[in-house]
Structures are given as structure tokens and as C-alpha cells.
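Worksheet: one structure, shown below.
Just so it is clear, none of the values below were taken in a lab; they were calculated from the coordinates. Not measured: the values here are computed from a predicted model. Please note: Cβ atoms are built from the backbone with ideal geometry, for glycine as well, and neighbour counts cover all protein chains shown.
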Amino acid sequence: MLNTAGMYAVGVYLLSLLIIGAIARRASRESSLKDYYLAGSSLGVVSLFFTLYATQYSGNALFAIPGQAYREGFSAFAIVLALMGIVLVYSSFAPKLHHWSKRAGFVTAGDFIAWRYDDRRLLIAANLIFVFTLTSYILANLKAMGLLVESATGGAVSAAEGILLLSLIMAIYESLGGMRSVVWTDVLQGSILLAGALVVFVLVWQSPELGLITMPKLILSAEQALGQWRGASEFVSLLLLVAIGAAVYPQAIQRIYAARSAAVLRQSYKLLVLMPLLVVLPLSLVAMSATQWLPPLSGTESERVILHAIDHVLQNVGIWSGLLVLYIGAAIAAIMSTVDSALLALGSIVTKDILGNRKVQISEAGLHRIGRLLTWVLMGVTAALAIILPQSIWALMVFKFELLVQVAPTIILGLRWPMLRAHCLLTGLIAGSVTAVLLTVIPGIEDPLGVHAGVWGLGVNLVCTGLIQCLWRSRVPH
């Protein structure tokens, strides 16, 4: 797909990421976990907006969601609404969490849980889910990155080789500058990715042989699917699963801590609410229309639908090929940005919540050095798993939300309900997680009534938490 000039352009772009990493290291003010993992809590509106945007819209937006739109159609609209709904969920707890993070000096999501509940068991349970979520998140995006490199080079670079090469670049610049490297690259990558998504949509729309002339028929079929009970319940449960789950991503919580002020946080969220309409919706419409003019795509191949669409347009609209090459390079970089954000959060959990809480105390500078080393170790392990494991990107995306959403009560209700106790939340979290896993893995009972396993688990979670809290209150003397 990429010509020689295009491959050189992408190479120069990737080299620039290493340069940014080196500059970010020189800008570091101190050898501390707060500076490395939160950029000194100094992010302004533009940098915070772009790092939130680049974290949410990458491999999933380019592969998993368009692939699902190609296969199912109406599911993509649930994701669009869910991504807008994330901002509403943020609004319910982010300002208060930011306030307490400034006063207590939080670095990880686990820091809030430890400070709020002072319960080691709850902290361990939540961190186990965070680690699993971040690992699957990294795997999904590494797979997307490998697919993109393989398709963009016409197979000259295999998916495995692409994963290894780009993982090496990420490990270098992240270990150099920490969150500063991530945020500074996000601003550039996010801008180009947004432009690229709109370019692909416009080119498909205007192409006389393709166009989106079948869109009314496709949308009508989606509405008919929603008119059925199972279709409507799947739509609503997916919306809830993504909107609540994505709001408590560990890396998203760290960005709440990293904001310069609550006002900066609110302004960034206002901008973020528009992005699904400018990125996910156009790409999903292209994927839906591709069912009419591309050969049938099955299985994981359907997750390459946008790449097939780009390739088709390149063959018919040569004058725009430079812009589409730019889009492919930006997509690779944006996926890298998402991976390094998750990798940074994963490293902070291991460094701060696990190693930092050992009986044998490690100095701040020592933990900082360990954090840099962990970047390399974790990147190597996840890159190897991404090459070996066969799961589709969509399956990895959904399953991580099934478990991640179970932590939401611990964070959101914990900020709103002062009397809520740790043992109540722990029981609810375990019950909800077990329910979600069983409904996912047991054949024949997957997604009862069309409601996702994670939403069933969240319901069990909330009921157990509420009942045990009420029983506890009834036994406590007033």
C-alpha cells in the first residue's frame, strides 16, 4: 500500500518520536514518580485534551469498532454514544477526584483506593483487574499496530516484525521522558489522526463509484434490528459497558491527577465530547458502506476493513495518496501513543502499589529507576504475547470492559458515599467479576437476554454492595 516515499515519511515520523523522548527527558524537573508518571501534574487544556483523545481513539477506533460496524452495523452507534457518555461519567467524579489527588498526592488509581478505604484486600483486588485490563488493552493495540504495518507495507514487513520494531521505539522514548514523552507525542499524533479519519470519510463519500449512497438503507436495517428486544438490549448494554468502563481506565484516572487544575479538566472534557462524531462515526459509516462495494470479509479480516477501503481509494484517487499515506503513519503513531499510555499506567501500578508498599523500603529515586526498567520488561512481555495469542481485537476490547466496569463502584461511589465501607465493595467486586467471567466462558449462556456479561456483573456487584452496606449499617450503633 505504501510506496517508497511513504515508507520513508513514516520512518522520519517515527524517528521524530525518539527526538521528542530525548527532549522530554531534558525537560524533566526531578527524578520522582510524580514527575515520571504524571508529568509533574502540570498539563494544560490542549495537552490534556489531546492525551485523553489519543488514549481513547486508536487501535479500537481504527480496527475493532469499524470491524464490528462492518459485521453488525448498529453496534457502532452504541460505541459512538458510549464515547460521548464517558464525558458524563467523568463529570460525576473527576473534579472531586482531582481535588483529593492534589491534597493527597496520588500517582496511581490504587493510591486513591488505599487512601479512601485503607484496606489492603480491596487494593489488591482492584489492582488485579487493572493489571489484566491494561495488559489486554496493550495486546489489542499491539495487534492492531501489527495489522496496520503489515497491510501498509503490502506484507514487506510482517505483523510480528512491525510489533517488535514499534515496541522497541516506544520503550526507548517512554523510558526517556515518561508521561511528558507520551503527552507531547499525543498532541501531534492526535491532530493528524483526526485529519486522516475525516479525509478517508470524505474521499469515500465523494467517490462516484463508491459513495455512501447505500447509507439510508443500512441505517434503516440498523433501526429494524434495534426494534427487536435483543438488538435493543445489546445496544444499551454495550453503551453502558463502554461509557462506565472507559471512564475508570487507570491511565484515564492518572490524567485526572495530571491536570493543572479542575478548570483545565472541565474544559478538556467539553472538547472531548465532540470527538466520537468526528472520528468513530465517520470510520464506522465507511465500514458499513464497505459491505456494498468490497468483497466479503470474514473473521478477523473484517477488522482490516478501513485498510481495505483506503487501499481501494488509493487505486482510484491517486492525487490524494499523499494524504492517505499521512493517515496511515498517523494511525501507527496514535496506536503507539495509546499503548505507551497503558504501559505507563501498568508500570506505575507495579512500581508504586506493589514494590513501593513492600516492608523493605525503596527510595523514590530507586523506584524511579525501577520504573524505567519496567518499561522495557513489560513492553517485551506484552509484545511477545501479542504475537502469540490469536484473539481478535474486538474480543479483547469487550472482555476487558467486562471486568474493568466492576471497579467503577469502588471509585465513583467511594467519592459520593462517605459511609461506604471497603468490605462491602470487595464482596460486590468479587461477585460481579465472577458473574462476568462465568457468563463469558460458559458455553450456551453468553450474554443472557442480549445484555453483556459485564453489565450483569455490575448489577450483581451493586446489589451485593448495597445489601451488605445496609446490613452493616443496621448492626452499627447510631
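Of Ser167, Ser233, Ser158, the sequence from fewest to most neighbouring Cβ atoms within 10 angstrom is Ser158, Ser233, Ser167.
Which of Glu72, Glu301, Glu234 has the fewest other C-beta atoms within 10 Å, and how do the rest follow up to the most? Provide the component values of the computation, followed by the final result.
Details: Glu72 16, Glu301 13, Glu234 22.
Listing Glu72, Glu301, Glu234 from fewest to most nearby Cβ atoms yields Glu301, Glu72, Glu234.
Extension gain, His99-Leu278: 0.36 nm per intervening residue step, less the Cα-Cα distance, totals 61.3 nm.
Taking the Cβ of Gly245 as the center, what net charge do the other residues with Cβ under 12 Å away carry, scoring Lys and Arg +1 and Asp and Glu -1?
Values: positive: Lys400; negative: Glu402.
After counting each charged neighbour, the total is 0.
Cross-link pairs exceeding 26 Å between alpha carbons, from the set Lys270/Lys352; Lys352/Lys400; Lys96/Lys352; Lys96/Lys143: Lys270/Lys352; Lys96/Lys143.
Shown for Phe63, Phe130: other C-beta atoms within 10 Å of each C-beta, ranked fewest to most, produce the order Phe130, Phe63. Summing Lys and Arg as +1 and Asp and Glu as -1 over all other residues whose Cβ lies under 10 Å from the Cβ of Ala259 gives a net charge of +4.
The slack between Glu161 and Ser91, meaning 0.36 nm per residue of separation minus the straight C-alpha distance, is 21.1 nm.
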